[in-house]
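Here's the structure we're looking at; comments come further down.
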Amino acid sequence: MSISPETFPQTDAKESLAKTEQQSLRVEIEKMDTLMNLMAELVISRSQISGVLKKLSIKEVDESLSQLSRITLDLQNIVMKIRMVPIETVSQKFPRLIRDFGRQNDKDIKFVMKGQDTELDRTVIDQIGVPLTELLKLCATYDIEPKSERMKNGKPTVANLFFSAYHEGNHVKLEIVSDGYGNPEDLFPAEETEKVRKAIDNLNGKFLLAGEPGKMTKITILLPLTLAIMQSLLVKVLNNLYAIPIASIDSTLSLPITEIQTVQSRDVIVIRGEIIPVVWLSDVFGFYSDTQKDNIQVVIVIDGSKKYGFVVDGLLGQEDVVIKSLGKLFNDVREFSGGAILGDGSIAMILEISAIVRHL
């Protein structure tokens, strides 16, 4: 398989970066942050009212709540759009970066970008530039061969390096593809790769590194549109509440505890012929219960290309949650990406899937 501009994934984003004339208003980012915080408080208040009214079941009030929910959602979408900034803000420097690198290292690299008007929240944009730059450098340095070696291996002396951005559901997918050695797990320095992975984890994103030896390396990054409000599944472990990002969930199921098997000293379940490692969240967080159960609730989560089964004590439903920073005291706690204030005032910790499964 070879890659070229024609075979690279197409996007719906406009390929022209020409600016259209439109009315605009300059707003300080601090004011936008304040507006976003107020929007978050409104979402919490709506959830609180919804929680109370579920117990009352008054038709007229239910209709008013539905209208409030629609208005809140519309306002939320508008505020989100105002905060959106095109990825071009950080990617505009990439062509020169790659061009200069090629000249300095005797590599002829054709660099192509697509979907650069794809938008992300300003907070995400401010933090994604450095990881993307590092990934492009890794591809140019360790994946793309020198011209003489490419010629020896029957490859064109001009290497291809692509960067694309496009929307996928409530996320933005970023892809970097290079037609080099195609063995990134062995060639990329582990320390540099881990640094990038942690930066993307901090953005509640997903990072996948894949290669096809002798042909291509592909890096995929999945980022949330915003870091402020997140769709999540609320779960219970003993009497503790946790939020699992919907974007990380494949499915949920209930099954007899007897279906858990042991493979190489690890608990696993087999779903449609696929062996999935089991993670007992009660063990992860040091909880103990002597209650014996005949059935267990399992949330199948996805981390990169792998699936894991998180065992929980209860599924409480889906909810939009407002993400709050945990502060400096939790800097060393990798299992949580933040906290969420729920409608009834309780707090749920947001699980960091990658950090939890990395300890297995």
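Every read-out reported here was derived from the displayed coordinates using simple, explicitly stated rules and does not represent laboratory data. In this text the structure is predicted, and so the values were computed from the model without any measurement. Here the Cβ is made from the backbone with ideal geometry for all residues, glycine too, and neighbour counts use every protein chain on show.
Below is a table of values for the structure above.
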item	result
Only Lys, Arg (+1) and Asp, Glu (-1) charged, at Cβ; segment 83-222 dipole about Cα centre in debye	360
Gaussian network model of the chain, Cα within-10 Å springs - most flexible of 258, 226, 217	258
Relative packing of peptides 272-282, 174-184 - highest average C-beta neighbours within 10 Å first	174-184, 272-282
Segment 83-222: relative contact order as a whole-number percent, Cα under 8 Å and 6+ apart	24
Whole-Å distance, taken between Cα centres, linking segment 213-269 and segment 61-125	25
Rounded to the nearest 20 debye, dipole of the chain from Cβ charges on Lys, Arg, Asp, Glu	660
Assigned charges on the beta-carbon of Lys, Arg, Asp, Glu; segment 225-360 dipole about Cα centre (debye)	300
Chain lengthening between residue 187 and residue 70 when straightened (0.36 nm per residue, less Cα-Cα)	37.1 nm
Relative contact order for segment 21-162, counting Cα pairs under 8 Å that sit 6 or more residues apart, in percent	24
Label-point separation, residue 292 to residue 134 (7 Å along Cα→Cβ), nm	5.0
Gaussian network model of the chain, springs between alpha carbon atoms under 10 Å - residue of 77, 204, 160 with greatest fluctuation	77
Value of relative contact order over the chain, rounded to a whole percent, pairs C-alpha under 8 Å and six or more apart	15
Förster-model FRET efficiency, 45 Å R0, residue 238 and residue 117, C-beta, rounded to 0.05	0.40
Loop-resident sites, segment 73-152, for trypsin sites (Lys or Arg not before Pro), counting at most 12 other Cβ within 10 Å (DSSP)	93
Entries of 198/218; 147/198; 173/307; 81/173; 81/206; 110/307 with Cα pairs more than 29 Å apart	147/198; 110/307
Gained length - residue 153 relative to residue 324, 0.36 nm times residue gap less alpha-carbon distance	56.4 nm
